[in-house]
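Before any comments, here is the structure.
A short reminder: the numbers here are calculations on the coordinates, not readings from a lab. Model, not experiment: these values are computed from the prediction. Counting neighbours? That spans all protein chains shown, and the Cβs are built from the backbone with ideal geometry, glycine included.
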Amino acid sequence: MIALAVPPPIVAPAPPARVLTFADEFRFTASRRSIPAGRLLLQVKNIGEDDHDLRILGPRGTPRGETGVVGPGDLGRISVRLPRGRYTYLCTVADHAARGMTGVLVVTRKARRGAK
Ligand SMILES: [Cu+2]
């Protein structure tokens, strides 16, 4: 009888989930509404005429990341690690959130390696 030793799989860090969000007056248009838990690279492209920003709030309303002000034509970014949960995001400039610059991002169970 021969016992074969199976080496453990080499685990490379998973690449971050990427979300691209366009910002203009007065809405966000996101490329995805749902991502797996883990690292997130969120980019915010300002395609409007006013300054905008984006702040992510955790399930209890705790800020988890923000871009700072993104001027017209500019690209802002947030790199953050997010566990499962329902997150909201908004523009904190003036009354933009009240005018509609809000959104929801759902973070689901971590994607299994090799899962399709
Ligand atoms: Cu705004």
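Segment Arg18..Ala97, full-extension length gain: 26.2 nm, with 0.36 nm per residue of separation and the alpha-carbon distance subtracted.
Mean sequence separation of contacting Cα pairs (under 8 Å, at least six apart), scaled by the length of the chain, corresponds to a relative contact order of 26 percent.
Which loop-located trypsin sites (Lys or Arg not before Pro) does region 33-92 contain, where loop means any DSSP state but H, G, I, E or B and the Cβ has at most 11 other Cβ atoms within 10 Å? List each step's numbers first, then the result.
On the way: sites: Arg33, Arg39, Lys45, Arg55, Arg60, Arg64, Arg77, Arg81, Arg84, Arg86; in loops: Arg33, Arg60, Arg84.
Here the sparse-neighbourhood loop sites are Arg33, Arg60.
Its Cα gyration tensor gives region 1-67 an equivalent ellipsoid; the semi-axes, largest first and in whole Å, are 40, 14, 9.
Projecting the Cα atoms of Ala30, Val70, Tyr87 onto the charge dipole of region 11-101 (Cβ charges, centred on the Cα centre) puts Tyr87 farthest toward the positive pole. Both radii are taken from the alpha-carbon atoms of region 60-115; with Rh as the Kirkwood radius, Rg/Rh is 1.04. Directionally averaged projected area (the chain, Cα convex hull): 9.0 nm². For the chain, a simple Cβ point-charge model (Lys and Arg +1, Asp and Glu -1, everything else neutral) yields a dipole of about 1080 debye relative to the Cα centre.
Here the Karplus curve 6.51 cos²θ - 1.76 cosθ + 1.60, taken at θ = phi - 60°, turns the phi angles of region 24-32 into couplings of 8, 8, 10, 7, 10, 10, 9, 6, 9 Hz, with x standing for Gly and Pro.
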